[in-house]
């Protein structure tokens with residue numbers, strides 16, 4: 001039997017779409033109930049009182065009728081604000097959208113997020129505050145691999161468990177190979193020591209403790225290529241938001257003198 005609860009909850013507006021003539025469906029990432037789809041009656045009418053509260057990239061405290069099955073309902077919003085930098089910058093918007101798309105793909109609707117609400121909130125806050133969106137996104141990608149069930153072995157060499165030799169990443173072996181076993185995979189990534197270090201760091205990094213991080217463009221490119229390989233071969237995701245980021249990278253290349 002479906003259950004319902006009229007209660008307060010914190011949430012991040014993930015996406016919304018028009019529904020019928022004047023209404024709207026809004027997906028909100030909540031701190032208590034996971035992702036939920038909310039029916040907002042009259043949301044498309046001029047002067048709708050909650051118009052600002054249900055804009056994309058808005059976060060705050062909502063009051064709603066939350067149901068275990070079917071659509072839930074938002075009654076009002078108490079405190080909320082929109083991430084302005086993300087909303088106004090196409091690049092920041094693209095990375096924030098991709099992070100929310102990854103969360104959407106990783107968790108079924110209605111499943112509690114076990115800390116991932118706060119993780120997502122922090123990631124978007126960092127991007128809005130000026131942290132490198134590529135690196136924040138990489139951190140989320142690496143840590144979400146565990147949720148997708150394909151986390152690579154990054155603690156030591158997958159063959160001998162040594163961790164005192166240079167490493168490289170092997171997709172075939174599902175993790176790191178130490179220098180003594182590089183010959184086992186001729187197609188290993190041939191990554192730089194810095195890229196491997198950051199890949200390992202990102203897998204265990206507590207976002208709460210992140211103060212600043214600077215990564216050279218060449219290392220960013222290596223990280224992007226490694227994570228693309230893992231996500232394509234192991235996760236099998238094909239997200240429109242990721243394709244858009246890839247297209248933006250092509251724009252950058254075309255604009256270079």
(request) Kindly check whether there is at least one residue in the range 197-204 that is farther than 23 Å from residue 131 by Cα and outside any strand (DSSP E or B). (result) no
(request) Name the one entry in 198, 223, 229, 205 that is touching a helix residue (DSSP H, G or I) at 6+ places or on another chain (Cβ under 7 Å) and surrounded by fewer than 16 Cβ atoms within 10 Å (Cβ to Cβ). (result) 205
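Return yes or no: is residue 237 modelled with pLDDT under 95 and in contact with a helix residue (DSSP H, G or I) (Cβ under 6 Å, 6 or more places away or on another chain)? Explain how you work it out, then say what you get.
Numbers: modelled with pLDDT under 95: yes; in contact with a helix residue (DSSP H, G or I) (Cβ under 6 Å, 6 or more places away or on another chain): yes.
Yes; evaluated as a whole, the condition is true for this residue.
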(request) Determine which single condition residue 61 fails, assuming it passes every other condition in (1) buried (at least 20 other Cβ atoms within 10 Å of the Cβ); (2) in a strand (DSSP E or B); (3) at pLDDT 95 or above. (result) (1)
(request) Look through the range 149-195, keep the residues that are free of Cβ contacts under 8 Å to residues at least 24 places away in the same chain and part of a helix (DSSP H, G or I), and return whichever of them is surrounded by the most Cβ atoms within 10 Å (Cβ to Cβ). (result) 182
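The values are calculated or read from the model by the stated rules, or taken from the named source; none is laboratory data. Please read all numbers here as calculations on a predicted model, not as lab measurements. Here the Cβ is made from the backbone with ideal geometry for all residues, glycine too, and neighbour counts use every protein chain on show.
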